[in-house]
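Some notes on the structure that comes next.
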Amino acid sequence: MMDPTPVRRCVCMNVRFDEVLESGAESVEEAGELTGAGTKCGSCRPYLAACLRTGETAFAIIWDTGEFD
Ligand code: FES
């Protein structure tokens with residue numbers, strides 16, 4: 001059975017979302033500065049935003065709805 005929340009890291013930079021929370025980052029930009037997450041293709045940035053907003057570190061795949069912009 002497929003993992004319902006398979007998105008757990010920035011794949012490009014191999015940074016897990018729990019590492020982003022541990023870094024103390026308060027914004028997607030700061031997460032990039034502190035960990036490198038979100039600084040390449042950018043497809044994880046909506047998840048990073050949700051991670052920082054909710055404290056969750058595992059997400060279902062979402063499509064770009066603009067919900068987390
Ligand atoms: S998956 Fe995070 S920058 Fe590409």
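Tell me the relative contact order for the chain as a rounded percent, counting alpha carbon contacts under 8 Å between residues six or more apart.
Numbers: 87 pairs, mean separation 26.3, N = 69.
Taking the mean separation of contacting Cα pairs over the length of the chain, I get 38 percent.
Hey, in the chain, which Cys have no second cysteine's beta-carbon closer than 4.7 Å?
C12, C41, C51
Which shape class applies to region 9-54: rounded if a/c is under 1.5, otherwise prolate when a/b exceeds b/c and oblate if not, where a ≥ b ≥ c are the square roots of the Cα gyration tensor eigenvalues? List each step's numbers first, then the result.
Details: a/c = 1.41, a/b = 1.25, b/c = 1.13.
Rounded, since a/c falls under 1.5.
Please give the peptides 9-18, 29-38 ranked by average Cβ packing (other Cβ atoms within 10 Å per residue), highest first, as a rough proxy for protection.
29-38, 9-18
What is the angle, in °, between the Cα long axis of helix 45-54 and the longest principal axis of the Cα atoms in the chain? Nearest 10 is fine, range 0 to 90.
Its long axis makes an angle of about 80 degrees.
Residues in region 24-56, backbone N under 15 Å from the label point at C12 (7 Å along the Cα-to-beta-carbon vector): list them, ranges by number please.
Residues passing the 15 Å test: 28-49.
I need the calculated FRET efficiency for the pair E29 and I62, taking r as the beta carbon distance and R₀ as 30 Å, to the nearest 0.05.
Working: r = 20 Å, r/R0 = 0.68.
Efficiency at R0 = 30 Å is approximately 0.90.
None of the figures in this text is laboratory data; all of them are computed from the coordinates on show. As the structure is a prediction and not an experimental result, all values here were calculated from the model. Quick reminder, even Gly has a Cβ in these numbers, built from the backbone with ideal geometry, and neighbours come from all protein chains shown.
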